[in-house]
1. Among 51, 148, 163, 195, which comes first, second and so on when ranked by fewest other beta-carbon atoms within 10 Å?
2. Quick one: of 78/103; 117/176; 46/195; 51/94; 7/148, which pairs are farther than 21 Å apart, Cα to Cα?
3. Please compute, for the alpha-carbon atoms of segment 4-104, the extent along each of the three principal axes and give them in descending order in Å.
4. Let me know the volume per residue of the alpha-carbon convex hull for the chain, in Å³.
5. At 0.36 nm per residue, and after removing the present C-alpha to C-alpha distance, how many nm does the segment from residue 113 to residue 7 gain when stretched out fully?
6. In nm, to one decimal, how far is the modelled label at residue 139 from the one at residue 199, with both set 7 Å along Cα→Cβ?
7. In a Debye calculation with equal point scatterers on the alpha-carbon sites of segment 103-168 and no solvent, what is log10 I(q)/I(0) at q = 0.17, 0.20 Å⁻¹?
8. List the GluC sites (Glu not before Pro) within segment 16-46 that fall in a DSSP loop (any state other than H, G, I, E or B) and whose Cβ has at most 16 other Cβ atoms within 10 Å.
Amino acid sequence: MQTKIEKISALSALAINNIQEVSENEVAFLSFREKLSLSNISHSEKMKEWKAARLAIKYALDSISLPYPGFYKDEHGKSHSMDGYGYVSLTHTKGLAAAIFHKDMPVGIDLDFVREKILKLGPKFLDPSEIEFLNNDPLLYTIAWSAKESIYKCQGRKGISLKENILLKPFSIEDKVINGKIRLSDFSDHFYQVKVQVEGEMVLTYTIW
Ligand SMILES: CC(C)(COP(=O)(O)OP(=O)(O)OC[C@H]1O[C@@H](n2cnc3c(N)ncnc32)[C@H](O)[C@@H]1OP(=O)(O)O)[C@@H](O)C(=O)NCCC(=O)NCCS
C-alpha cells in the first residue's frame, strides 16, 4: 500500500504509511526529544513502526500546511504536541502505521485487520447489547473493536474499559459513521462519532467532530 494522505477538513488530516517503505534517514523533522526516544528503541521493527507513525503525522500536517511541532507522551501513553497546539493519535498494525491530527479537538484513530478469532474475544470487549446487533460477523466485530479503541485513544485516560465504559449504538455494515459514548465513569456522557473506512480486510476508524 502506498502512503495515503486524507485531508478531512481545513483543521484535520490523516495519513497511512507503509512501515517497510520508511527510509533510514527520514528523521530530520523530528524534535531533539523524539530523536532521543527513537535512539532508545532497541527492537528494529518497533523502531520502524515508531518512525512510520511520526512520518504519518508529518504528512498529515503537511497536507493542512502546519509545521511539525514534535510530540511527547503523557503518563497514559497518549501523545501531545510540544507547542501545546493541536491533537494527535497514532496506530500501527501489520506493516502499516497511521496518524490523525486535529488543530482544535481531541482525536483517536485505530487500524486493524479482520480476523476470525475476534469472535471469541467478543465477550471481553463487548456489552451483551452490542453482541446482539453484531450478528457473529467478524467484520462487524472488528469495526466495533476498532471504534472502541479510537474512542479510548480520543479520551486518552487509562482505566477506561472497552467493555464496561464504552458503549456503541447499533450499526450495520452500510453505516459510515458510528455513535458511541463513555458511561459509568467520571467521564460519563461524553458522546463520540467514529468514521469507518473498510478496504478489503483492513478496517480504519477515527473520531470526527
Ligand atoms: C493503548 C491501546 C489503545 C493501544 O492500542 P493497540 O491496539 O495496542 O495499538 P495501536 O497500534 O492501535 O496504538 C498504539 C498507539 O496508541 C497510543 N496510545 C497509547 N496509550 C494511549 C492512551 N492512553 N490514549 C491515547 N493514545 C494512546 C500511542 O500513541 C501508541 O503508539 P506509539 O507507542 O507509537 O506512541 C490499547 O492497548 C488499550 O489499552 N486499549 C483499551 C483497554 C482495554 O480495555 N483493553 C482490553 C480489551 S479486551
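FYI, it's all coordinate maths here, none of it is from the lab. Keep in mind that what you see is a predicted model, and the values were worked out from it rather than measured. Neighbour counts are summed over all protein chains in view; Cβ atoms, including those assigned to glycine, are modelled from backbone coordinates with ideal geometry.
1. Sorted ascending by nearby Cβ count, the order is 163, 195, 51, 148.
2. Result: 117/176; 46/195; 7/148 exceed 21 Å.
3. If we take the Cα atoms of segment 4-104, the spans are 37, 27, 25 Å.
4. Taking the convex hull of the Cα positions in the chain, it is 126 Å³ per residue.
5. The span from residue 113 to residue 7 would gain 35.9 nm if fully extended.
6. The modelled label-to-label distance comes out at 1.6 nm.
7. Scattering profile of segment 103-168, log10 relative to I(0): -0.58, -0.77.
8. Passing both the DSSP loop test and the Cβ count: 24, 26.
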